[in-house]
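Accompanying notes for the structure given below.
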Amino acid sequence: MSRALELIRAHQRYRSKTLNMIPSENVQSPRVLKALATDLAGRYSYRPRYYGGTKYIDELWSYAEEKAKELFKADYVCVEPLSGHIAALLTYITFAKDGKLAALPPELGGYPGNASDKLPDALNLEMVYLPGDGESLLPDVDKSVEVLERERPKLVVLGGSFMLFPHPVRELAEVVHGYGGLLAYDGSHVLGLIAGGVFQDPLREGADILFASTHKTFPGPQGGIILTNDEEIYRKLYANVFHKIADNVHFNRIAALAVSIEEFSRYGRRYAEKIIANAKELARNLDALGVSLKGKARGFTESHQAILDFPDEGKRMELRDRLEECGIITDGDLRLGTSEVTRRGMGKREMAKIAKLVKRALDGEDPKTVKKDVQKLLRRFRKLRYC
Ligand code: DSN
């Protein structure tokens, strides 16, 4: 017996007995998994054409692009980035390299890759951090306008990793365009909510570029995507794809993305609506049980996340581990996401149950008794919906 296969099985068994609340994860549909595990996983193709044997690959590639443009209502798309991080990298090297980039700092909700010692360090970017509010995790519009007018960064990024509410795209786009800058939106977390038409619509609100990962609220394979309505922006981005950010763009992933877009086109709107309704319900129930959450003054959340408010990092890590002992998987910032539980068919009643289970775990009840109840809840939700 292969040790690797044993570990895969052990992982699958373990995760099937736990409640996954990580907001940057989701489960793939059987068809998406099937597409990933095909011959495409070992093939190459380039543009312009170099390899033989690619006639179906090339058709699939174009099909994925057409379906993405249709679903996201964009004129141009890059499906080549291997992840959301690589989509950010492609956007930054194309439009901000050796210049100024503005974004929210990670502690106010921005992507951790925007920390000064990460992507900005790798690309020699001068970082301009947008002022914001650690409670709502939103940029402060007036203060951001001041900073942008003073610093005039080439590229400004809204959106991020800790997102409870829509970002002020309309409010800031005019300023950025006024001095000749570009506005990008990191929709990694909320891509499914955008595609479902239930959150905000960055490309119609003034963003020039929407980049994202494809596996969070959007239930596709792990990967990245960039969308724009501007031909010149697209041409500049595409010129930096081959042999700058990738050599092989992984055609099993692109095929799986096409499958997930087909599925989302049928079921996505209902799914996205339910994700948000569940996040709101979960947050309301946690609050009623006395658990402190971010964003309370604005109604906790309008996205897929509810974020517990424990300022001490050590305490958060301890609670993450305690929750896991109880069968509830979350992250070191105690963000609770509803994408996966929604996909498993859970609704309002289950959100109230999950809130109680989280509260019992946080209160230090014996993990064995909480875990038993978590597993009892899971047993009724084995089948995936919206696919
Ligand atoms: N890995 C993504 C997340 O968990 O939000 C981005 O940091």
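The values are calculated or read from the model by the stated rules, or taken from the named source; none is laboratory data. What you see is a predicted model, and the numbers here were worked out from it, not measured in a lab. A quick note on method: Cβ atoms are made from the backbone with ideal geometry, for glycine too, and the neighbour counts reach across all protein chains shown.
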Discussion item. One residue is enough: does the range 299-316 have a residue meeting the conditions acidic (Asp, Glu), in contact with a Phe, Trp or Tyr (Cβ under 7 Å, 6 or more places away or on another chain) and more than 16 Å from the ligand (Cβ to nearest atom)?
Written reply: yes
Item to complete: May I ask you to list the residues in the range 162-197 that are away from the ligand (no atom under 16 Å from the Cβ) and acidic (Asp, Glu)?
Response: 171, 174
Fill in: Single unsatisfied condition, residue 296 versus (1) in contact with a helix residue (DSSP H, G or I) (Cβ under 9 Å, 6 or more places away or on another chain); (2) buried (at least 16 other Cβ atoms within 10 Å of the Cβ); (3) closer than 20 Å to residue 21 by Cα
(2)
Response to the item:
With the first residue restricted to the range 231-243 and required to be closer than 15 Å to residue 155 by Cβ, and the second required to be surrounded by 11 or more Cβ atoms within 10 Å (Cβ to Cβ) and of a type in the set (S, T, N, Q), Cβ contacts under 6 Å at 6 or more apart or on different chains are 236/94; 237/94; 240/94
Worksheet item: Is one or more of the residues making up the range 85-106 within 16 Å of the chain's Cα centre (by Cα) and away from the ligand (no atom under 13 Å from the Cβ)?
Response: yes
Discussion item. With the condition being in contact with a His (Cβ under 8 Å, 6 or more places away or on another chain), I'd like the strands (runs of 3 or more DSSP E) fully within the range 76-184 carrying at least 2 qualifying residues.
Written reply: 155-159
Worksheet item: Can you name the condition, by its number, that residue 111 falls short on among (1) free of Cβ contacts under 8 Å to residues at least 40 places away in the same chain; (2) within 16 Å of the ligand (Cβ to nearest atom); (3) among the aromatic types (Phe, Trp, Tyr)?
Response: (1)
Worksheet item: So which residues in the range 30-56 are surrounded by fewer than 16 Cβ atoms within 10 Å (Cβ to Cβ) and under 25 Å from residue 263 (Cα atoms), if there are any at all?
Response: 30, 31, 33, 34, 37, 38, 39, 41, 42, 55, 56
Worksheet item: Restricted to the range 115-133, and to residues that are closer than 16 Å to residue 94 by Cβ and touching a Gly at 6+ places or on another chain (Cβ under 8 Å), which residue is nearest to the ligand (Cβ to nearest atom)?
Response: 119
Discussion item. Which numbered condition in (1) within 24 Å of residue 133 (Cα to Cα); (2) surrounded by fewer than 22 Cβ atoms within 10 Å (Cβ to Cβ); (3) of a type in the set (Ser, Thr, Tyr) is the only one that residue 267 fails?
Written reply: (1)
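For (1) closer than 21 Å to residue 26 by Cα; (2) in contact with a strand residue (DSSP E or B) (Cβ under 7 Å, 6 or more places away or on another chain), each residue gets a yes or a no:
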| residue | (1), (2) |
| --- | --- |
| 286 | no, yes |
| 314 | no, no |
| 321 | yes, no |
| 328 | yes, yes |
| 331 | yes, no |
| 350 | yes, no |
| 362 | no, no |
| 366 | no, no |
| 385 | yes, no |
Worksheet entry | Selection within the range 198-207 - touching a helix residue (DSSP H, G or I) at 6+ places or on another chain (Cβ under 6 Å) and either within 16 Å of the ligand (Cβ to nearest atom) or assigned to a loop (DSSP other than H, G, I, E, B) (or both) | 198, 199, 206, 207
Item to complete: Could you name every one of the helices (runs of 4 or more DSSP H) located completely within the range 237-353 that has at least 1 residues being within 22 Å of the chain's Cα centre (by Cα) and closer than 23 Å to residue 187 by Cβ?
Response: 251-288, 339-343
Worksheet item: Can you find a residue in the range 367-378 that is of a type in the set (Lys, Arg), surrounded by 21 or more Cβ atoms within 10 Å (Cβ to Cβ) and at pLDDT 95 or above?
Response: no
Item to complete: Kindly indicate the residue of the range 20-36 that is out of contact with any His (no Cβ under 9 Å at 6 or more places or on another chain) and in a loop (DSSP other than H, G, I, E, B) and also nearest to the ligand (Cβ to nearest atom) among those meeting that condition.
Response: 22
Fill in: the range 208-222: number of residues that are in a loop (DSSP other than H, G, I, E, B), within 13 Å of the ligand (Cβ to nearest atom) and surrounded by 24 or more Cβ atoms within 10 Å (Cβ to Cβ)
4
